[in-house]
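Working notes, beginning with the structure itself.
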Amino acid sequence: MKVEFQETTRKMEKTLEVLQEDFGAIRAGRANARVLDRITVPYYGVDTPLGQVASISSPDPRTLMIQPWDGSLLKPMEKALQASDLGINPQNDGRVIRLIFPQLTEERRKELTKQVKNLGEGSKVAVRNLRREAMDAIKKLKKNSEITEDEQKEAEKDLQDLTDKYIKKVDEACAVKEKELMEL
């Protein structure tokens, strides 16, 4: 009997997706609409994601333009953006809101790089925890005599290979984000 790791693979893939989403919220020197993904605006009494009540465009590499579909949302959007952790003051001209992203200072780039490393470490820990859970399941199968010792050894080796593959993917994702942050 060969031990399959579809569930573990799916969870490791999800860990990678979450890491990419977290990276999307870290702004580099250029404007990226993904930094607005977590911002919500009260709309008819319900907190609604900004992207669902406005069109977001990027007229140039360092500017995001937010145009609400309902003009009455301009003030609440401005307040939500000011209250967010973006650190950018929105400019409201009565029709659209502009977010102008300043060039990052060297110090800020280094802070963001540390943040990327911390997120990467957290993802690696999550992947290793998934490996531990799968390893426990393999040992349980062996204990219940559902697999032989050779099958256990092979399953453990396959699981380690899978873990190494995802740790490498996390490292690669971190390297790409760090390179993006350090570009001037």
If you go through D37, D47, D60, D70, the only one that is charged (D, E, K, R), within 23 Å of the chain's Cα centre (by Cα) and modelled with pLDDT under 85 is D37
Return the only residue of I167, I88, I100 being in contact with a helix residue (DSSP H, G or I) (Cβ under 7 Å, 6 or more places away or on another chain) and either closer than 23 Å to I56 by Cβ or open to solvent by less than 70 Å² (accessible area, probe 1.4 Å) (or both). I167
Filtered residue count, the range 15-32, keeping only those that are open to solvent by 20 Å² or more (accessible area, probe 1.4 Å), part of a loop (DSSP other than H, G, I, E, B) and closer than 30 Å to L162 by Cβ: 1
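If you go through the range 66-83 one residue at a time, do you hit one that is aromatic (F, W, Y) and open to solvent by 70 Å² or more (accessible area, probe 1.4 Å)?
Our first condition is that a residue be aromatic (F, W, Y); within the range 66-83, this holds for 69.
Those left that are additionally open to solvent by 70 Å² or more (accessible area, probe 1.4 Å): 69.
Looking for residues that are aromatic (F, W, Y) and open to solvent by 70 Å² or more (accessible area, probe 1.4 Å), one finds at least one in the range 66-83, hence yes.
Residues of the range 152-184 being β-branched (V, I, T) and under 14 Å from K117 (Cα atoms), which ones?
Of the range 152-184, the ones β-branched (V, I, T) are 163, 167, 170, 176.
Answer for the range 152-184, where residues must be β-branched (V, I, T) and under 14 Å from K117 (Cα atoms): I167, V170, V176.
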Report yes if some residue within the range 12-34 is in contact with a helix residue (DSSP H, G or I) (Cβ under 7 Å, 6 or more places away or on another chain) and under 30 Å from E146 (Cα atoms); otherwise report no. yes
Within the range 47-73, the residues that are in contact with a helix residue (DSSP H, G or I) (Cβ under 9 Å, 6 or more places away or on another chain), among the hydrophobic types (A, V, I, L, M, F, W, C) and within 18 Å of I100 (Cβ to Cβ) are L50, A54, I56, L64, I66
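Out of L159, L141, which single residue is touching a residue at least 40 places away in the same chain (Cβ under 8 Å), in a helix (DSSP H, G or I), more than 22 Å from the chain's Cα centre (by Cα) and closer than 16 Å to R10 by Cα? Even if it seems obvious, please write down each step before you answer.
Values: L141 fails: closer than 16 Å to R10 by Cα.
Result of the check over L159, L141: L159.
Is it the case that some residue within the range 76-84 is assigned to a strand (DSSP E or B) and either charged (D, E, K, R) or closer than 29 Å to G122 by Cβ (or both)?
Within the range 76-84, none of the residues are assigned to a strand (DSSP E or B) and either charged (D, E, K, R) or closer than 29 Å to G122 by Cβ (or both).
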Would a scan of the range 33-43 turn up a residue that is surrounded by 13 or more Cβ atoms within 10 Å (Cβ to Cβ), part of a helix (DSSP H, G or I) and out of contact with any Leu (no Cβ under 7 Å at 6 or more places or on another chain)? yes
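The values are calculated or read from the model by the stated rules, or taken from the named source; none is laboratory data. A quick note: this is a predicted structure, and the numbers were derived from the prediction, not measured. Reconstructed Cβ throughout: ideal geometry from the backbone, glycine too, with neighbour counts over all protein chains shown. With ligands, DNA and RNA removed, areas are computed over all heavy atoms of the protein, side chains included. Shrake-Rupley method; radii C 1.70, N 1.55, O 1.52, S 1.80 Å.
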